Each structure stands twice: as structure tokens, then as C-alpha cells.
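> Structure incoming, see below.
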Amino acid sequence: MSILAQPDDWALVRRYLRIEGYGGQPLRGGVRWRFEITDPQDGAIKRRLAAIQTPCATCGRVLHPVRPRDGRQRWYYAVACEQDRQFRCSRNRKASREYERIRSAYKRWRDGLPAAPPEPQGTLF
Ligand SMILES: [Zn+2]
């Protein structure tokens, strides 16, 4: 499961999502990405963002993907359990694939493309 399957939540999150590449060296996984949440400057929207729940991309436990970093000054988006609880959830292929799906969906939205690539058309004959 994914926030992409929760259209209302996704529509809210993507407005404040800012995906930043870092680690210029082409390491094993290439560029890495930070999923930052910009400050909505609005308490009601902040509460809505903080209240969103999604299943962990790895273990399925329900979690709050929008979380504060650095003493609540900056927020970020996470697809997996917090590292201090379940380190194995955040550093594995399921989590990276979910980040990749979100990044791709975000890019399509920002570029004004449909939410997903069109389904292959059936043949006429
Ligand atoms: Zn987990």
C-alpha cells in the first residue's frame, strides 16, 4: 500500500512535498533523495498533514509519514517506520521502491501529466 492509493492525502502532501537530490557521486544507488515537507504556514493544514496515516512500505504497520525533523522546525516524508524503532524497515528495497513511486508520481503531477502512464490499449481486432 501507498499514499498514492489515498488520493485525498496524496493531493495534500504533494502540494508541500519538495524532493531534493543529494550525494552527487554516482554511488551504488546513484543520487539519493530527500523528501522534505515545506512549512504550510497554516496550523490547520499542518494538523491535517500530521494526521495522515499510511502503512509502512515494509512491514505494513500504520504510521504517520509526515514527521518533524530537528525539533519540529522542519518536516519530512517517510514511507517506513522510524529508524530508531525498526531500522530494517527504512533501509530496504520495498522502502526504496515506494520512494521511487512517489517521486515518479510527484514528477508527473508537477509536469502536468496524468497520474499514471496510460494503460496499454486493447487491439481493435
Ligand atoms: Zn515498518
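What follows is calculated from the coordinates using simple rules that are stated; it is not laboratory data. Keep in mind it's a predicted model, so treat the numbers as computed, not measured. With ideal geometry, Cβ positions are generated from the backbone for all residues, glycine too; neighbour counts draw on all protein chains shown.
> Can you classify segment 3-110 as rounded, prolate or oblate using the Cα gyration tensor, where a ≥ b ≥ c are the square roots of its eigenvalues, rounded means a/c under 1.5, and otherwise it's prolate if a/b beats b/c and oblate if not?
rounded
> Considering Cα pairs under 8 angstrom that are at least six residues apart, work out the relative contact order of segment 3-110 and quote it in whole percent.
So the answer I get is 20 percent.
> So, in nm, how far is label residue 11 from label residue 39 when the simple model puts each one 7 Å beyond its Cα toward the Cβ?
Each label point lies 7 Å from its Cα, and together they span 2.7 nm.
> Give, in nm to one decimal, the length gained when the segment between residue 64 and residue 20 is fully stretched (0.36 nm per residue of separation minus the Cα-Cα distance).
Difference between extended and current length: 13.8 nm.
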